[in-house]
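Could you have a look at this structure, given as structure tokens, before my questions?
The values are calculated or read from the model by the stated rules, or taken from the named source; none is laboratory data. Please read all numbers here as calculations on a predicted model, not as lab measurements. FYI the Cβ positions are ideal-geometry reconstructions off the backbone, even for glycines, and counts take in every protein chain you see. Just the protein is used for accessible areas: all its heavy atoms, side chains included, with ligands, DNA and RNA removed. Shrake-Rupley method; radii C 1.70, N 1.55, O 1.52, S 1.80 Å.
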Amino acid sequence: MVNAPIAALEIGTSKVCALVGEPREDGNIMITGVGNCPSCGVRKGVIVDLEKAAGCVQTAIQEAETSGAVSIREVYLLVNGDHIRASANQGSWPVLDPAHGISADDIDEISDIARAINLPHENELLHSIPQTYSVDGQTGIINPLGMQGSRLTLDMLIVHGSRNILNNTIKAARDMGLEVLDVAFSGLCAALSTLTPEQKECGVAVIDLGAGTTSHVVYADDAIASMGITAVGGDHITNDISQGFTISLRRAEILKQEAGTAVTNTGDRFKRITVPSEVSFPACSVAAGDLNAIINARMDETFRIIKNELEKKSLLQEIGAGVILTGGGSHLKGVEALAEDIFGVSCSIGKPRYFSGISTVHEGPEFAAPLGMLRYAVRSVTKQSKGNMSFKNLIKKWFIG
């Protein structure tokens, strides 16, 4: 039933989040339940202690059940980690009846051919995302249906990840009695919840700043042109601060959030910040300029890694709508200004669109990925109920339109 509550589950590095949403007739999704639990047993988006991670899942699910007054037995699961890769593949197909134009059967055939890529034996296919078609050498075609031509070519982005790592993430949910209906890469879901059709058409990059990883998804000419994951996140900044000033990780996180900024300012050179004593850590004071230099160095490195990837693929000039930042790291002061300086385009914080209900959720960029998963799930259930396509192949449709 399309209007039944749907649950999304994200097992992240810093938190485990469960959201419950109900689709509305106007296309919005109302958030009716939310559960959060500080994450244990997860490092850089990958489960390293299954028992602890499963316990966090249970806590988040129970909290979402209580706040949403529902019983959750099925979830849509987000996955992350730098084991996830995107590979480009191309397929070519002779049109069955050139005189009558390209048919739906031709498009199905070329999709199957482009999807047939030899993955590493230890990897599992996550998503197959059509990019652009070519007809008799004419490139940049978004929808070739009905067009005249004798040969159809399709460029497809194949997203895949480590089978064992993915299975362990799924097992953390199943061990708590949950059925996993489908999985999706969190970076793609963050884009799904925040972008407008106009941004996708103009070209845009979505950078999801997580605690353990940073992912990016780039749209050009209304299609996904590239994506990637970097094993650097907000926890690395916290660790840098802890080691640089010999303070606890907890205190370093507080300093980062409350006093730090991603941009350096010569005026902060002589400003001091008092750090109270903790068990095994004496009281001290740190220079605000030094704190900001540490944050700036790590964020600068992260953004330049992504910029280099875009430059290699000649995509930097294609993002006319700029850069959109999501994830918990987007709350860091000065991060927009730093991104604008490095990428040379406008930058803004991504706001999830067409959601209502619990305002702290649908207005927060840190919830962009699980909110996007709810939207994917709603559209999937709608299509499945109409019997238009198999459930497993739906994902390739939702990240394009």
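Can residue 16 be described as over 18 Å from the mean Cα position of the chain (by Cα), among the aliphatic types (A, V, I, L, M) and either in a strand (DSSP E or B) or farther than 15 Å from residue 366 by Cβ (or both)? Step through it out loud before you land on a result.
Values: over 18 Å from the mean Cα position of the chain (by Cα): no; among the aliphatic types (A, V, I, L, M): yes; either in a strand (DSSP E or B) or farther than 15 Å from residue 366 by Cβ (or both): yes.
Considered against the rule, which asks whether it is over 18 Å from the mean Cα position of the chain (by Cα), among the aliphatic types (A, V, I, L, M) and either in a strand (DSSP E or B) or farther than 15 Å from residue 366 by Cβ (or both), residue 16 comes out as no.
List pairs: first residue in the range 104-120 and in contact (Cβ under 8 Å) with a residue 60 or more places away in the chain, second residue in a helix (DSSP H, G or I) anywhere in the structure, Cβ distance under 6 angstrom, at least six positions apart or on different chains.
none
Please report, ordered by residue number, the strands (runs of 3 or more DSSP E) entirely within the range 279-363 with at least 1 residues that are open to solvent by 50 Å² or more (accessible area, probe 1.4 Å) and in contact with a Ser or Thr (Cβ under 8 Å, 6 or more places away or on another chain).
Of the strands (runs of 3 or more DSSP E) lying wholly inside the range 279-363, those with at least 1 residues that are open to solvent by 50 Å² or more (accessible area, probe 1.4 Å) and in contact with a Ser or Thr (Cβ under 8 Å, 6 or more places away or on another chain) span 284-287, 347-349.
Return only the number of the condition from (1) closer than 19 Å to residue 328 by Cβ; (2) in contact with a strand residue (DSSP E or B) (Cβ under 9 Å, 6 or more places away or on another chain) that residue 262 does not satisfy.
Every listed condition holds for residue 262 apart from (2).
Select from the range 135-152 the residues that are within 17 Å of residue 89 (Cα to Cα) and open to solvent by less than 20 Å² (accessible area, probe 1.4 Å) and write down the one among them that is modelled with the lowest pLDDT.
That would be 141.
Among 238, 214, which is in contact with a Lys or Arg (Cβ under 7 Å, 6 or more places away or on another chain), closer than 26 Å to residue 46 by Cα and not aliphatic (A, V, I, L, M)?
The unique qualifying residue is 238.
If you don't mind, another one. Could you grab me the full set of residues in the range 247-263 that are touching a residue at least 60 places away in the same chain (Cβ under 8 Å) and farther than 23 Å from residue 304 by Cβ? Let's see the steps before the verdict.
Step one: of the range 247-263, the residues touching a residue at least 60 places away in the same chain (Cβ under 8 Å) are 256-257, 260-263.
Within the range 247-263, just 257 meets the criteria.
Let me ask something additional. Among residues belonging to the range 238-278 that are outside any loop (DSSP other than H, G, I, E, B) and small (Gly, Ala, Ser), point out the one that is surrounded by the fewest Cβ atoms within 10 Å (Cβ to Cβ). Steps first, answer last, please.
The first filter runs over the range 238-278 and keeps only residues outside any loop (DSSP other than H, G, I, E, B), leaving 238-245, 249-258, 266-268, 272-275, 278.
Imposing the further condition that a residue be small (Gly, Ala, Ser) reduces the set to 242, 244, 252, 267.
Details: 242: 20, 244: 14, 252: 25, 267: 9.
Checking each candidate, the answer is 267.
Considering only the range 60-110, state which residues are open to solvent by 70 Å² or more (accessible area, probe 1.4 Å) and touching a strand residue (DSSP E or B) at 6+ places or on another chain (Cβ under 9 Å).
Within the range 60-110, 62, 63, 66, 69, 73, 74, 85, 88, 90, 109 qualify.
Sticking with this one: Exactly one condition in (1) over 30 Å from residue 239 (Cβ atoms); (2) of a type in the set (Asp, Glu); (3) surrounded by 18 or more Cβ atoms within 10 Å (Cβ to Cβ); (4) in contact with a Lys or Arg (Cβ under 7 Å, 6 or more places away or on another chain) is false for residue 124; which is it?
(3)
Would it be correct to say that residue 167 is among the polar types (S, T, N, Q), modelled with pLDDT of 95 or more and farther than 22 Å from residue 326 by Cα? So that I can check it myself, show each step before the final result.
Working: among the polar types (S, T, N, Q): yes; modelled with pLDDT of 95 or more: yes; farther than 22 Å from residue 326 by Cα: yes.
Against the criterion (among the polar types (S, T, N, Q), modelled with pLDDT of 95 or more and farther than 22 Å from residue 326 by Cα), residue 167 qualifies.
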